[in-house]
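Enquirer: Please find one structure pasted underneath; my questions will follow.
All of the numbers you see were taken from the coordinates with simple rules; none came from a lab. This is a predicted model, so every value here is computed, not measured. Heads up, the Cβs are rebuilt from the backbone with ideal geometry, glycines too, and the neighbour counts pull from every protein chain shown.
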Ligand SMILES: NC(=O)c1ccc[n+]([C@@H]2O[C@H](COP(=O)([O-])OP(=O)(O)OC[C@H]3O[C@@H](n4cnc5c(N)ncnc54)[C@H](O)[C@@H]3O)[C@@H](O)[C@H]2O)c1
Ligand SMILES: [Zn+2]
């Protein structure tokens, strides 16, 4: 990290910070692709297609548009049938939600905002019920639409409301967190939490479009940005090595929301997710590879009662997966070591408490990927070569954990 970047602890739950007033635009090294650099300089958006739109709502997929100041594209994305729009946002993004609403009104729509509780508090059935009530009272029909403005929590609940209202209306996501852009808003999974656990209720309901406005990241707390980068690094290891090269070349630019380097990282991560989900719309096969680092990661989140950033937990989970793969002779030393250097360069954690193994093993055993009693992990057989691995013996997990334990 450089002097311009305050030291942040990406493991902590939300520590709001004032964004740097004038972070340097940053001259990117030659590793940033010229086309991305040029689009960034000319304020041109990039369009990343994703296959598999909703069976009811759109044919043949949708676009993820990445750029700056994208609001003018929203009307076209919503389409000509839509008259009423519910703009769902958390309190923290009230100003942005209001701008979206006013813009839609000016474009001839009838827009209403729904302010919902922040973060996971928003992913509740009562919040969905509140929005259903607003939709009902305002007589939203099948041809009206919903827009989410916020992080993954908002796109998850807004997507769920869109999936359920009249059995499915159009939704456009406007993700405002890095994690939302590269992960939650893309792929069509929606969900809410119940008392029994996170994301237990939901539906597959792809959006009709995603507008990822990079300028929204300017106000995102740095620890949220860094935490989201863990998913980007994941895409680097499971598929696109250039992501890792970019981070290694200039780790400080990777966390600078003004930089062309971060834009390229985001676009590349979205492309990886797009390719994977386009092949596996309902998570029955290859989509599992997106869970790289998540088996231990989820166990850490559970052990920490979700007071730990998801990306930080996944970062530790990837370090663990690298050690496990190395110890069972699947992964070469250099690629395993690269996990520690790349994640470390971003300020992401790669070790965890040694006294927590029993609780973590408990969490691992609850993992969705397990088949019966068989423990399964996504591991790498080499750079960009993910596999699912059935763990033959629990003691292998313990041994790998010793390598990352504090
Ligand atoms: N559907 C999927 O495929 C998928 C994938 C990954 C994660 N998720 C879900 O996403 C959620 C996590 O998403 P997240 O990390 O974006 O968290 P989040 O939505 O809780 O947002 C994090 C915090 O940042 C604030 N915030 C958002 N944008 C901001 C901005 N531009 N400026 C300032 N503050 C801002 C939010 O109000 C919140 O407090 C989880 O609920 C997870 O289950 C879903
Ligand atoms: Zn994740």
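Enquirer: With a point put 7 Å past each Cα toward its Cβ, work out how far residue 305 is from residue 351 in nm, to one decimal.
Expert: 2.7
Enquirer: Under 18 Å from a point placed 7 Å out from the Cα of residue 195 along the Cα-to-Cβ direction: which residues of segment 125-161 have their backbone N that close?
Expert: Those under the cut-off are 125-129.
Enquirer: Return the percentage of antiparallel bridges among DSSP beta bridges fully within segment 44-220, rounded to the nearest 5 %.
Expert: The antiparallel fraction comes to roughly 30 percent.
Enquirer: Now for a separate question. If you find the alpha carbon centre of segment 301-343 and of segment 29-52, how far apart are they in angstrom?
Expert: Measuring centre to centre over Cα atoms gives 29 Å.
Enquirer: If you count the DSSP beta bridges with both ends in segment 137-233, what percent of them are antiparallel, to the nearest 5?
Expert: 40
Enquirer: Along Cα→Cβ, 7 Å out, is where each label goes; now give me the distance between the ones at residue 399 and residue 44 in nm to one decimal.
Expert: Result: 5.4 nm between the two label points.
Enquirer: Now a separate question. Using Cα atoms only, what is the angle between the long axis of helix 222-238 and the major principal axis of the chain, expressed in degrees (0 to 90) to the nearest 10?
Expert: 70
Enquirer: Subtract the Cα-Cα distance of residue 387 and residue 241 from 0.36 nm times their separation in residues, and report this length gain in nm to one decimal.
Expert: In short, 50.9 nm is gained.
Enquirer: Can you give me the C-alpha center-to-center distance between segment 172-223 and segment 226-286, rounded to a whole angstrom?
Expert: 15
Enquirer: Hey, another quick one. Measure out, as a whole number of angstrom, how far apart the alpha-carbon centroids of segment 95-131 and segment 380-402 sit.
Expert: Using only Cα atoms to place each centre, the spacing works out to 43 Å.
Enquirer: Taking the 0 to 90 degree range and rounding to the nearest ten, how far is the long axis of helix 152-164 tilted relative to the main principal axis of the chain, both from C-alpha atoms?
Expert: Orientation of helix 152-164: about 50 degrees from the principal axis.
Enquirer: If you don't mind, another one. Kirkwood hydrodynamic radius of segment 44-220 from all distinct Cα pairs, in Å?
Expert: 15.6
Enquirer: Hey, fewest Cβ within 10 Å first, where do 367, 390 land in order?
Expert: 390, 367
Enquirer: Right, here's the next one. Among 288, 394, 252, which one shows the highest mean-square fluctuation when the chain is modelled as a Gaussian network with alpha-carbon springs under 10 Å?
Expert: Looking only at 288, 394, 252, the biggest GNM fluctuation is shown by 394.
Enquirer: Taking the DSSP beta bridges in the chain as the whole, what percent of them are antiparallel, to the nearest 5?
Expert: 40
Enquirer: Using Cα pairs closer than 8 Å and at least 6 residues apart in sequence, work out the relative contact order for segment 44-220, in percent.
Expert: Relative CO of segment 44-220 lands at 26 percent.
Enquirer: How much length is gained on full extension from residue 218 to residue 373, taking 0.36 nm per residue of separation minus their Cα-Cα distance?
Expert: 51.3 nm
Enquirer: Using Cα pairs under 8 angstrom and six or more residues apart, how large is the relative contact order of the chain, in percent?
Expert: 17
Enquirer: Sticking with this structure for a sec: With label points built 7 Å along Cα→Cβ from the Cα atoms of residue 134 and residue 118, find their separation and express it in nm.
Expert: Modelled inter-label distance: 1.8 nm.
Enquirer: So which residue, out of 135, 200, 290, gets the largest mean-square fluctuation from a GNM of the chain using Cα contacts under 10 Å as springs?
Expert: With Cα springs under 10 Å in the chain, the top fluctuation among 135, 200, 290 is at 200.
Enquirer: If each residue's Cβ is checked for other Cβ atoms within 10 Å, how do 165, 357, 132 rank with the fewest at the top?
Expert: 132, 357, 165
Enquirer: If I build a Gaussian network model for the chain, linking alpha-carbon pairs within less than 10 angstrom, which residue out of 372, 354, 188 has the largest mean-square fluctuation?
Expert: Of 372, 354, 188, the most mobile in the Gaussian network model is 372.
Enquirer: Then there is this: Would you calculate, for the chain, the mean residue ellipticity at 222 nm contributed by helices, counting each DSSP H stretch of 4 or more residues as -39,500 (n - 2.57) and dividing by all residues, to the nearest 500?
Expert: After summing the helix terms and dividing by the residues of the chain, the value is -12500 deg cm²/dmol.
Enquirer: Using only Cα positions of segment 281-403, each an equal point scatterer, no hydration layer, compute I(q)/I(0) via Debye at q = 0.21, 0.23 Å⁻¹ and quote the log10 values to two decimals.
Expert: Log10 I(q)/I(0), no solvent term: -1.30, -1.56.
Enquirer: Once you wrap a convex hull around the alpha carbon atoms of the chain, what is its projected area averaged over all directions, in nm²?
Expert: Mean orientational projected area (the chain, Cα hull): 18.5 nm².
Enquirer: On to the next question. In what sequence do 406, 362 fall when counting other Cβ within 10 Å, fewest first?
Expert: 406, 362
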